[in-house]
Amino acid sequence: MPVKSATSAQDATQATTTSEIDSQINYTKAIDYWTGVEASVDGVLGGFGPTTSVPKADIVGSNTFLRKLKTRLSVEPGKIKYGLDFGAGIGRVTKEFLVKVCDKVDLLEPVKPFVDQMKIELHVCQDKIGDIYDISMQDWEPEYEGKYYLIWCQWCCGHLPDKDFLKWLDNCKKGLQKDGLLVVKENNSTTGEDVFDPEDSSKTRTDANFRRLFQKAGWKLIATDLQKGVPRELYPIRMYALKPIRE
């Protein structure tokens, strides 16, 4: 689920209820769609590749956002700064960003052509690459509790219906180090309702729905910001920094 144009999504449909949208999400259709997409930066970004401002602006925006959170993010004694890149595509975010802020990075990507290309792209930083999980988000569980210093999830939450998204948030809570951080970076619907896209079988959530789900799953929103420097016709892209509410 890449950066998307709000003005050109003519096939996107607005449903009357969350359950109506969620019932339309089909994991098999989503994988089939992405398997047919070119395994390149332009492919994974939905046509907003190197000839646009999006790739560079995205990395600059993520770096700036995380830098502001320096005092809220620390590694546990005796542990390394382990990162996890969800919906990693061909490894662009890991290669350009996460390997620079983490000691080691695991990646999760269910689309085989992307995984194959990822291994080529990441050769230049292979000493910082950990495990590559070629599974879907909904099938992931942390290898052990408290492994990750930073969990980064970008442009893939829309493939999960709310029920599975809540379950995924619970698993992230288990996988996060005590003083670690979860960052979700996603498109936001501007219609006041979540919007379903039948092309890649995903939905674009409203900012309000994201916040509702984070709260329901027991996460505290400690910072949020909009991505800058991207074309105006795109959906707003928002970053959410989250920490578990620990009792």
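Go over the candidates Tyr144, Tyr149 one by one and state the one that is out of contact with any helix residue (DSSP H, G or I) (no Cβ under 7 Å at 6 or more places or on another chain) and either within 15 Å of Thr94 (Cα to Cα) or at pLDDT below 95 (or both).
Exactly one residue qualifies, and that residue is Tyr149.
Can you pull out the residues in region 133-144 that are touching a strand residue (DSSP E or B) at 6+ places or on another chain (Cβ under 9 Å) and either part of a loop (DSSP other than H, G, I, E, B) or of a type in the set (Ser, Thr, Tyr) (or both)?
Selection gives Tyr133, Asp134, Ile135, Ser136, Trp140, Pro142, Glu143.
Quick test of your reading of the structure: Asp164 fulfils all but one of (1) under 19 Å from Leu69 (Cβ atoms); (2) open to solvent by 10 Å² or more (accessible area, probe 1.4 Å). Name the failing condition by number.
Single failed check for Asp164: (1).
Contact list please: Cβ distance under 8 Å, first residue in region 43-54 and part of a loop (DSSP other than H, G, I, E, B), second residue of a type in the set (D, E, K, R), pairs at least six apart or on different chains.
Going by the 8 Å Cβ cut-off, the qualifying pairs are Gly46/Lys4; Phe48/Asp42; Gly49/Asp42; Pro50/Asp42; Thr51/Asp42.
Starting from region 198-209, take each residue that is over 11 Å from Glu186 (Cβ atoms) and list its partners that are among the acidic types (Asp, Glu) and part of a loop (DSSP other than H, G, I, E, B), counting only C-beta distances under 9 angstrom and pairs at least six apart or across chains.
Pro198/Asp11; Glu199/Asp11
Does region 211-243 hold any residues that are open to solvent by less than 20 Å² (accessible area, probe 1.4 Å), more than 16 Å from the chain's Cα centre (by Cα) and not aromatic (Phe, Trp, Tyr), and which are they?
Of everything in region 211-243, those that are open to solvent by less than 20 Å² (accessible area, probe 1.4 Å), more than 16 Å from the chain's Cα centre (by Cα) and not aromatic (Phe, Trp, Tyr) turn out to be Ala217, Gly218, Leu234.
Among Thr17, Thr35, Thr71, which is the only one that is among the β-branched types (Val, Ile, Thr), exposed (fewer than 14 other Cβ atoms within 10 Å of the Cβ) and either touching a residue at least 60 places away in the same chain (Cβ under 8 Å) or in contact with a strand residue (DSSP E or B) (Cβ under 7 Å, 6 or more places away or on another chain) (or both)?
None of the other options fit; the residue is Thr35.
Would you please name the residue that is farthest from Leu242 (Cα to Cα), looking only at residues in region 167-178 that are of a type in the set (D, E, K, R) and modelled with pLDDT of 95 or more?
Step by step, filter region 167-178, then rank; the result is Lys167.
List pairs: first in region 152-170 and closer than 24 Å to Asn63 by Cα, second of a type in the set (Ser, Thr, Tyr) and at pLDDT 95 or above, Cβ under 6 Å, 6+ apart or cross-chain?
Pairs found: Gly158/Ser202; Gly158/Thr204.
The values are calculated or read from the model by the stated rules, or taken from the named source; none is laboratory data. All figures in this text were calculated on a predicted structure; none of them were measured in a lab. Heads up, the Cβs are rebuilt from the backbone with ideal geometry, glycines too, and the neighbour counts pull from every protein chain shown. Note: areas computed on protein heavy atoms with side chains; ligands, DNA, RNA excluded. Shrake-Rupley method; radii C 1.70, N 1.55, O 1.52, S 1.80 Å.
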